[in-house]
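Only one structure is covered here, and it is reproduced in the block below.
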Amino acid sequence: MKKLNSLRAKLIIPIISFSLILLIVTIFFLGQRQLSFIRTHATTQMTVAMQLIAEYVSVPLVFNEPEEAHEVLSKLETMGFISSAAVYTTEGELFTYFGGDSGLYLSNYEPYIKSIARDDEVLHLETPIVYKDVRYGTLLSIADNANQKSVIHESVVIFLFFFIAMAILSVILTLIFEGKFLQPILLIAQNFKKISPQTSFIVPLDPVVFKSDQSKELKYLVDGYNQMVMNLGYREQKQIEAEAALKEINDNLEVKIINRTSELNQAHEKLRKLFQNERNIVKNLPYGIILMDYKLNIVEMNDFARKRLGYVDSPPQKISDICKVAVCLENINACPHIISDDTTQNEKSMQSYFSDIHGNEVPVLKTVIPIEYNEKKVIMEAFVDISDLKETQLELIKAKEKAEESDRLKSSFLANMSHEIRTPLNAIVGFTGILISEDLEDEVKDEYRSIVEFNTDNLLSLIEDILDLSKLESKTLSMKPKEVDLLVFLNDISENGEMLISQAEDKELKFALEVDPLLTYETPIFDSARIKQVIFNLLGNALKFTDEGTITFGVVCNEDNLLFYVKDEGIGISDEEKERIFDRFYKSNRSMNKLYRGTGLGLAICKNIIELIGGELWLESELGKGTTFFFTIPKPTSELAE
Ligand code: ADP
């Protein structure tokens, strides 16, 4: 099988096969032609001979001389291949015949329809016997094929000889050609066999030698092979050099890569630290920082923001989660409200309100700007909690208003004071002068003296008020608490109250004392002089602002304090005035219009005294119907009581 696959087998087998097939086909066609020629030739020869015989036999037939006719027929013996012949009359009677064995057969002859008939073995030929254009009978001849067969056999032998000779010739020729053309190819093929993936071409392989008697194409092949082997050697050399160079580059590259990797790692570490620092700064800034990407996902929310907005445990993921509830309360439709680049520095910060998780409003000063954070573009919403600032601002406004009010009150006090001081002083100075310089009647003198005394008392009381107030303001007013017999205390108030009211002769006033029937708190501890000062101040005001009706003084004993009240049915106090009447130097316009006397210090002193002992002072009033002032004295602690 292997041999059949070889180049030699592939070359020889087709050539020989093809030559032999060609030879067989040629012999077959030539044989056929030869056979046909032999047959045609025999038929023609026989036809010509028979026509000649028919001509010769016509006379004996016409003249009925069978011996003559037989003699003519016997001439056929010389022709060899005519085995028998017979002459028939036109009536079909046998006239004469030639050929012993066939005579019997021919005696029963029926004239042939065809003039020539042939089967495998014999050839029948009928030839008309004509004399002077009249047919007198038929010459029937039979030719034997045996003669032809021998000729054919001869031809076959000759062809076979040629066939064998040609086959041998073609094999010889093939071998000669094979030697001439195939040998160098086989040599190259053998050399190729030596080449394997491991073959080194550095030591050159033996070149294939070209012989001058070989064809030019083979020379190309041999030269090509030799050139290829040489090129391979050259290439291998180059490859070795290239590999060495590559290895060197590779080694250098590895070192470079290691160096670059370490540089890169260092840079990365630096960057990481930088970002960590940046993150730490953002994380620990005492301002709220919320960083979000452009899809509004929260990237960072620092501790301050989380604490201030109340998201310590679960930081929100998206700004929209907290936008409407926590930030952007004022800009719901523009969240986040990014400040454009052309905004001036002053406009960049805006006041706004955030809401903490409990819904408390947090006043803030905020800025929303795009920045780069950890090498990414983000939006930064930074805010400063200005709650303290706002509170301080409010306090400042209040303080300012208070200062302005105080200033206004002081101016009014000074104006008032000059009037309040000058009035009694004028009276004192004027009446004292008259008393000294003029000789007056005793009655008049007494009257003037009492006027001087009255105004002196007024002036003294005013000066005492001012002194009390300054002591209260400087917190130097000392209290002298001691056990008080409540019944005696109330009795004293009642007596003095009635006397005070009875002095207002021009008014129709009554005094009433209301004492809690369940009063058990009988020996409280307080500075009775100061409490009396408060009560008489309130009673004095009630008297001053009430023209008719009842002025009631009462006391109620509560669980932890004593509650006193002074009730009148006077002009009452408007809602706006209710707070302000406790301010120092405050006198209502209505009071001034009706020329009610007073300094505007009484209630301020009262409130200060009550608050100093831990109680409270307040009022209930209705314009035109009257006013009730309440104050409490807390029960002393067990320590004080002891
Ligand atoms: P004065 O000594 O000038 O009365 P007060 O401080 O005692 O100063 O009172 C301040 C102001 O409070 C009075 O000017 C008056 O307008 C109002 N007021 C005080 N008590 C009464 C009251 N019983 N009824 C109506 N107004 C009162």
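Of these, 236, 243, which one is touching a Ser or Thr at 6+ places or on another chain (Cβ under 7 Å), without any contact (Cβ under 8 Å) to a residue 60 or more places away in the chain and surrounded by 11 or more Cβ atoms within 10 Å (Cβ to Cβ)? Give the steps one after another, and end with the answer.
Details: 243 fails: touching a Ser or Thr at 6+ places or on another chain (Cβ under 7 Å).
Answer to the check: 236.
If residue 499 satisfies all but one of (1) farther than 18 Å from residue 557 by Cβ; (2) surrounded by 12 or more Cβ atoms within 10 Å (Cβ to Cβ); (3) not hydroxyl-bearing (Ser, Thr, Tyr), what's the number of the condition it fails?
Condition (2) is where residue 499 drops out.
For residue 573, are the conditions met, namely being at pLDDT 90 or above, among the aliphatic types (A, V, I, L, M) and out of contact with any strand residue (DSSP E or B) (no Cβ under 8 Å at 6 or more places or on another chain)? Walk me through it before giving the result.
Working: at pLDDT 90 or above: yes; among the aliphatic types (A, V, I, L, M): yes; out of contact with any strand residue (DSSP E or B) (no Cβ under 8 Å at 6 or more places or on another chain): no.
Here the answer is no, as residue 573 does not meet what is asked.
Which of the residues spanning region 552-581 are under 17 Å from residue 531 (Cβ atoms) and within 13 Å of the ligand (Cβ to nearest atom)?
553, 565, 566
Select from region 286-316 the residues that are in contact with a Lys or Arg (Cβ under 8 Å, 6 or more places away or on another chain) and in a helix (DSSP H, G or I) and list them in ascending order.
The answer is 303, and nothing else.
Given the criteria modelled with pLDDT of 85 or more and among the hydroxyl-bearing types (Ser, Thr, Tyr), does residue 476 qualify?
Spelling it out, it is not the case that residue 476 is modelled with pLDDT of 85 or more and among the hydroxyl-bearing types (Ser, Thr, Tyr).
Output the residues belonging to region 119-146 that are at pLDDT below 75 and either of a type in the set (Lys, Arg) or more than 22 Å from residue 54 (Cβ to Cβ) (or both).
Answer for region 119-146, where residues must be at pLDDT below 75 and either of a type in the set (Lys, Arg) or more than 22 Å from residue 54 (Cβ to Cβ) (or both): 119, 120, 121, 145, 146.
Given the conditions (1) closer than 22 Å to residue 498 by Cβ; (2) away from the ligand (no atom under 15 Å from the Cβ); (3) touching a residue at least 60 places away in the same chain (Cβ under 8 Å), and given that residue 525 satisfies all but one, which numbered condition is not satisfied?
For residue 525, the failing item is (1).
With respect to the numbered conditions (1) of a type in the set (A, V, I, L, M, F, W, C); (2) modelled with pLDDT of 80 or more; (3) assigned to a strand (DSSP E or B), which one is the sole condition not fulfilled by residue 172?
(3)
Can you find a residue in region 616-629 that is part of a loop (DSSP other than H, G, I, E, B) and either under 20 Å from residue 555 (Cα atoms) or near the ligand (Cβ under 9 Å from one of its atoms) (or both)?
Step one: of region 616-629, the residues part of a loop (DSSP other than H, G, I, E, B) are 616, 623-625.
Now restrict to residues that are either under 20 Å from residue 555 (Cα atoms) or near the ligand (Cβ under 9 Å from one of its atoms) (or both): 616.
Taking every residue of region 616-629 in turn, at least one turns out to be part of a loop (DSSP other than H, G, I, E, B) and either under 20 Å from residue 555 (Cα atoms) or near the ligand (Cβ under 9 Å from one of its atoms) (or both).
Any residue at all in region 531-546 that's crowded, with 21+ Cβ neighbours inside 10 Å, within 14 Å of the ligand (Cβ to nearest atom), assigned to a loop (DSSP other than H, G, I, E, B) and β-branched (Val, Ile, Thr)?
yes
Do we have any residue at all in region 265-285 that's under 22 Å from residue 364 (Cβ atoms), at pLDDT below 85 and in a loop (DSSP other than H, G, I, E, B)?
yes
The values are calculated or read from the model by the stated rules, or taken from the named source; none is laboratory data. Values in this document were obtained by computation on a predicted structure and should not be read as measured data. A quick note on method: Cβ atoms are made from the backbone with ideal geometry, for glycine too, and the neighbour counts reach across all protein chains shown.
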